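Peer 1: Sharing a structure here in structure tokens format.
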Amino acid sequence: FFVPLGPSVVVQQAAKRIVMRKPGGLLEVSTIAAEERFESSTSHTILGVPVGKTVAMVKVPAVYRYHIPLAKDWVFRVDDGTLLVVAPPVQPSLPVAIDTTRIETFSEGAWSLLTGQNAINRLVESITPALGKKASTADLLLLQRESARLTVSEFVRKWVTVQDQWKGKKIPTVIVVFEDEPLGKTAAPLMAV
């Protein structure tokens with residue numbers, strides 16, 4: 001089975017497809033779109049004498065997606081019109097998505113005609129692991145945290161507060177903290193009792 005994608009591009013169906021279930025499911029809570037840039041510089045020598053270098057660069061649009069597992073226990077506490085929710089920590093969805101149609105590559109230097117493409121290829125091969133590592137950094141987790149908090153709050157308001165125990169009651173103010181935040185680390189054990 002072939003799918004034509006243009007005058008000379010054809011995608012062949014994979015010989016084997018595997019569909020796997022995600023027990024309990026995931027709630028995607030935030031995304032970060034960024035243009036990522038990868039660079040390398042290789043110095044060349046002949047018999048120990050510097051003869052130039054090759055500089056390679058790859059730019060690619062990336063989308064970091066973050067989720068929390070729905071199957072994990074969530075802790076809820078109602079107190080005086082407030083619903084405190086301690087949600088599981090946010091995790092990156094890997095691999096990070098990249099748009100290969102917008103990838104840009106560049107190499108320069110005296111030896112780039114000979115070594116530039118290899119340098120670019122090494123950079124392209126490094127993209128997936130490098131972005132995966134970056135997705136888990138404290139900077140990106142912090143950057144997306146408030147968006148994730150809003151998404152979880154909307155989820156709780158829409159799905160949890162429509163349960164029978166809430167019928168006829170005023171919808172509470174929802175406060176969301178994550179288990180890996182200081183308040184979440186303190187509140188979860190106390191609330192679980």
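Peer 1: So Tyr64 passes all but one of these: (1) under 30 Å from Leu183 (Cα atoms); (2) in contact (Cβ under 8 Å) with a residue 12 or more places away in the chain; (3) among the aromatic types (Phe, Trp, Tyr); (4) out of contact with any helix residue (DSSP H, G or I) (no Cβ under 8 Å at 6 or more places or on another chain). Which condition number does it fail?
Peer 2: (4)
Peer 1: In the range 114-137, which residue that is under 12 Å from the mean Cα position of the chain (by Cα) and buried (at least 18 other Cβ atoms within 10 Å of the Cβ) is farthest from Ser40 (Cα to Cα)?
Peer 2: Among residues in the range 114-137 that are under 12 Å from the mean Cα position of the chain (by Cα) and buried (at least 18 other Cβ atoms within 10 Å of the Cβ), the one farthest from Ser40 (Cα to Cα) is Ala135.
Peer 1: Somewhere in the range 136-149, is a residue in a loop (DSSP other than H, G, I, E, B), on the phi > 0 side of the Ramachandran plot and free of Cβ contacts under 8 Å to residues at least 24 places away in the same chain?
Peer 2: No, that holds for no residue.
Peer 1: Which residues, counting only those in the range 154-172, are assigned to a helix (DSSP H, G or I) and touching a residue at least 40 places away in the same chain (Cβ under 8 Å)?
Peer 2: Across the range 154-172, the qualifying residues are Phe155, Val156, Val160.
Peer 1: With the requirement that a residue be of a type in the set (A, V, I, L, M, F, W, C) and either at pLDDT 90 or above or in contact with a His (Cβ under 7 Å, 6 or more places away or on another chain) (or both), what does the range 144-193 give you?
Peer 2: Scanning the range 144-193 gives Ala148, Leu150, Val152, Phe155, Val156, Val174, Ile175, Val176, Val177, Phe178.
Peer 1: Within the range 163-182, work out how many residues are over 15 Å from Val90 (Cβ atoms) and either in contact with a helix residue (DSSP H, G or I) (Cβ under 9 Å, 6 or more places away or on another chain) or surrounded by 14 or more Cβ atoms within 10 Å (Cβ to Cβ) (or both).
Peer 2: Looking only at that region, the number is 5.
Peer 1: Hey, another quick one. Select from the range 70-113 the residues that are part of a loop (DSSP other than H, G, I, E, B) and either open to solvent by 70 Å² or more (accessible area, probe 1.4 Å) or within 30 Å of Gln165 (Cα to Cα) (or both) and list them in ascending order.
Peer 2: Within the range 70-113, Leu70, Ala71, Lys72, Asp73, Trp74, Asp80, Gly81, Pro88, Pro89, Val90, Ala110, Trp111 qualify.
Peer 1: Here's a follow-up. Please enumerate the residues belonging to the range 43-59 that are modelled with pLDDT of 90 or more and in contact with a Lys or Arg (Cβ under 9 Å, 6 or more places away or on another chain).
Peer 2: Ala56, Met57, Val58, Lys59
Peer 1: Which members of the range 46-69 meet the condition of being open to solvent by 30 Å² or more (accessible area, probe 1.4 Å) and under 20 Å from Leu141 (Cβ atoms)?
Peer 2: The answer is Val63, Arg65.
Peer 1: What are the pairs, 6+ residues apart or on separate chains, where a residue within the range 11-30 that is farther than 26 Å from Pro89 by Cα and assigned to a loop (DSSP other than H, G, I, E, B) has its Cβ under 8 Å from a residue that is aliphatic (A, V, I, L, M) and open to solvent by less than 100 Å² (accessible area, probe 1.4 Å)?
Peer 2: If the second residue must be aliphatic (A, V, I, L, M) and open to solvent by less than 100 Å² (accessible area, probe 1.4 Å), the pairs left are Gln13/Val3.
Peer 1: Just checking, does the range 35-45 include any residue being more than 30 Å from Arg157 (Cα to Cα), open to solvent by 60 Å² or more (accessible area, probe 1.4 Å) and in contact with a helix residue (DSSP H, G or I) (Cβ under 8 Å, 6 or more places away or on another chain)?
Peer 2: Yes, the conditions are met somewhere in the range 35-45.
The values are calculated or read from the model by the stated rules, or taken from the named source; none is laboratory data. Note that the structure is a prediction, hence the values are computed from the model and not measured. Cβ coordinates were reconstructed from backbone atoms using ideal geometry, including for glycine residues, and neighbour counts include every protein chain displayed. SASA here: full protein model, heavy atoms, side chains in, ligands and nucleic acids out. Shrake-Rupley method; radii C 1.70, N 1.55, O 1.52, S 1.80 Å.
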